[in-house]
1. Mind checking which residues of the stretch 296-325 are among the polar types (S, T, N, Q) and either in a helix (DSSP H, G or I) or touching a residue at least 24 places away in the same chain (Cβ under 8 Å) (or both)?
2. May I ask you to verify whether GLU369 is of a type in the set (D, E, K, R) and outside any strand (DSSP E or B)?
3. I want to confirm something. Restricting to the stretch 196-222 and keeping residues that are more than 20 Å from VAL402 (Cβ to Cβ) and part of a helix (DSSP H, G or I), which single residue is nearest to the chain's Cα centre (by Cα)?
4. Is the stretch 102-113 home to any residue that is farther than 21 Å from ARG263 by Cα, in contact with a helix residue (DSSP H, G or I) (Cβ under 8 Å, 6 or more places away or on another chain) and surrounded by 14 or more Cβ atoms within 10 Å (Cβ to Cβ)?
5. Can you tell me which condition ALA357 does not meet? The list is (1) surrounded by 15 or more Cβ atoms within 10 Å (Cβ to Cβ); (2) assigned to a strand (DSSP E or B), and all the others hold.
6. I'm trying to understand the selection: among the residues of the stretch 112-134, which are aliphatic (A, V, I, L, M) and either under 16 Å from the mean Cα position of the chain (by Cα) or under 23 Å from THR253 (Cα atoms) (or both)?
7. Filter the strands (runs of 3 or more DSSP E) completely within the stretch 83-195 down to those with at least 1 residues that are in contact (Cβ under 8 Å) with a residue 60 or more places away in the chain.
8. Hey, among the residues in the stretch 1-52 that are of a type in the set (Gly, Ala, Ser) and surrounded by fewer than 16 Cβ atoms within 10 Å (Cβ to Cβ), which one's farthest from GLY398 (Cα to Cα)?
Amino acid sequence: MADTPSWIERDAAVVWHGFTQMASYAENRPVIVERGEGRELIDVDGNRYLDAISSLWVTTLGHAVPELDQALRDQIDRVAHSTMLGNGNRIVIELAEALAPRVPVDGAKFLFASDGAAAVEQALKIAFQFWTNQGTTTRTTYLAFGGAYHGDTIGSLAVGDGGFGTTVFDPLRFPVLRSPSLGEPGAVEAAVAIIAEHGHQLAAVVLEPLVQGAAGMALVPAEAVAAVARAAAEHDVLVIHDEVATGFGRTGTLFATEQCGTRPDLLVVGKGITGGYLPLSATVASERVWEAFLGPDLSERTFYHGHSYSGNALAAAVALRHLELLDEWDVLANVGERAAQLAAGLAERVAPLAAVAEVRQQGLMVGVELAPPTDDLRWGRKVTATCIDRGVLIRPLGDVIVAMPPLTITGPEIERIVDVLAAAITEVTGA
């Protein structure tokens, strides 16, 4: 009798995993999750892992949160989904009403989608049509930044700065103006100069405030974001803030934009909006932007864009309860305390290691950049595997080890992350 295939074999036989080379998938010993409890994931063999990447940056309060489970059950008893194209849904209205005073956007209006890339795509189209609706046909490009990542749809790839094997799609990407990452010397001056020279061509400036997550947690100074916003306002250029990764508490405030003192014309949110339960995102437009789309029924000023599952009722119900729990549990206070604890631990036990080039942190977003002597050592992958062997689920971006624990992480769990990371780096690199 033939052996029963393992879960990994069954997985590899039928599932195509994103950002994964399937020819070597099984060799990299993936974790096959069966369930979650608190801030831990449990695999099919019963092994437990502290979810130190928040299941790719989406889980905020942990797994199997009773209050979020109940919100989902309650909504199922009403309706699972109804279209938002030309009709409304009570729970979606309630979510938008709750979010409106919390987002850093004037007169916020919400166009919902299912993931960050789709919401970025919406923002790009809205910015473009904002100008054409007013008879301006020269605003056909965008200012984007070095190190940017905004998703993997074609439009989001265009404003992103490549990488992650996306070069193959270069023929499909539309050209944009690009300035160095705002964390680099002279980058602000360069961006301001581009806006001054090309403002009449720019539909919008697209940036990630405070942290460029996919660039290895590259830090973006708040004052740099503010300077770009001032230049954009001076030349009447729209500003899009991509807070898919930084939104909902990751940086210490509900939105990173709050720390920059700016009010973008368009804000993109996703990932943590439902606490990691269900796919949901939103493009938030200011009153000024929204008004440019008002006109006669079926007119060209209409934004002819929408998705079948936009404003999914189940996701909206969980998102609304999640927003309430962030306040009820005073989650942002815990983020501040645990971020300070994490910074101290990394400074003491990780940053001094000879194999570590730099530690970058904003709130509970951390990138530990390794410095392998040659490019073929795969230190990032090996350190990650060693962390997983020690019960901490983590993920690299090349040779940058990313840690982004849930916002409800505890003091002992922070110590565990630091201990495991330091031990794994030492074991793999010998330093």
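1. Initially, the stretch 296-325 is screened for residues among the polar types (S, T, N, Q), giving 299, 302, 308, 310, 312.
Passing the criteria: SER308, SER310, ASN312.
2. Details: of a type in the set (D, E, K, R): yes; outside any strand (DSSP E or B): no.
In short, no.
3. Step by step, filter the stretch 196-222, then rank; the result is ALA222.
4. Of the stretch 102-113, the ones farther than 21 Å from ARG263 by Cα are 113.
Cutting the leftovers down to in contact with a helix residue (DSSP H, G or I) (Cβ under 8 Å, 6 or more places away or on another chain) gives us 113.
Keeping just the survivors that are surrounded by 14 or more Cβ atoms within 10 Å (Cβ to Cβ) gives 113.
Yes, the stretch 102-113 contains a residue that is farther than 21 Å from ARG263 by Cα, in contact with a helix residue (DSSP H, G or I) (Cβ under 8 Å, 6 or more places away or on another chain) and surrounded by 14 or more Cβ atoms within 10 Å (Cβ to Cβ).
5. (1) is the only condition that ALA357 fails.
6. Start the filter on the stretch 112-134 by keeping residues that are aliphatic (A, V, I, L, M), which leaves 113, 117-120, 123-124, 126-127.
ALA113, ALA117, ALA118, ALA119, VAL120, ALA123 - these are the residues of the stretch 112-134 that are aliphatic (A, V, I, L, M) and either under 16 Å from the mean Cα position of the chain (by Cα) or under 23 Å from THR253 (Cα atoms) (or both).
7. 109-113, 141-145
8. Let us first name the residues in the stretch 1-52 that are of a type in the set (Gly, Ala, Ser), namely 2, 6, 12-13, 18, 23-24, 26, 36, 38, 46, 52.
From what is left, the residues that are surrounded by fewer than 16 Cβ atoms within 10 Å (Cβ to Cβ) are 2, 6, 13, 18, 23-24, 26, 46.
Working: ALA2: 39, SER6: 28, ALA13: 26, GLY18: 16, ALA23: 18, SER24: 16, ALA26: 19, GLY46: 29 Å.
The selected residue is ALA2.
The values are calculated or read from the model by the stated rules, or taken from the named source; none is laboratory data. The structure presented is a predicted model; accordingly, all values stated were derived computationally and were not measured. Backbone-built Cβ (ideal geometry, glycine too); neighbour counts: all protein chains shown.
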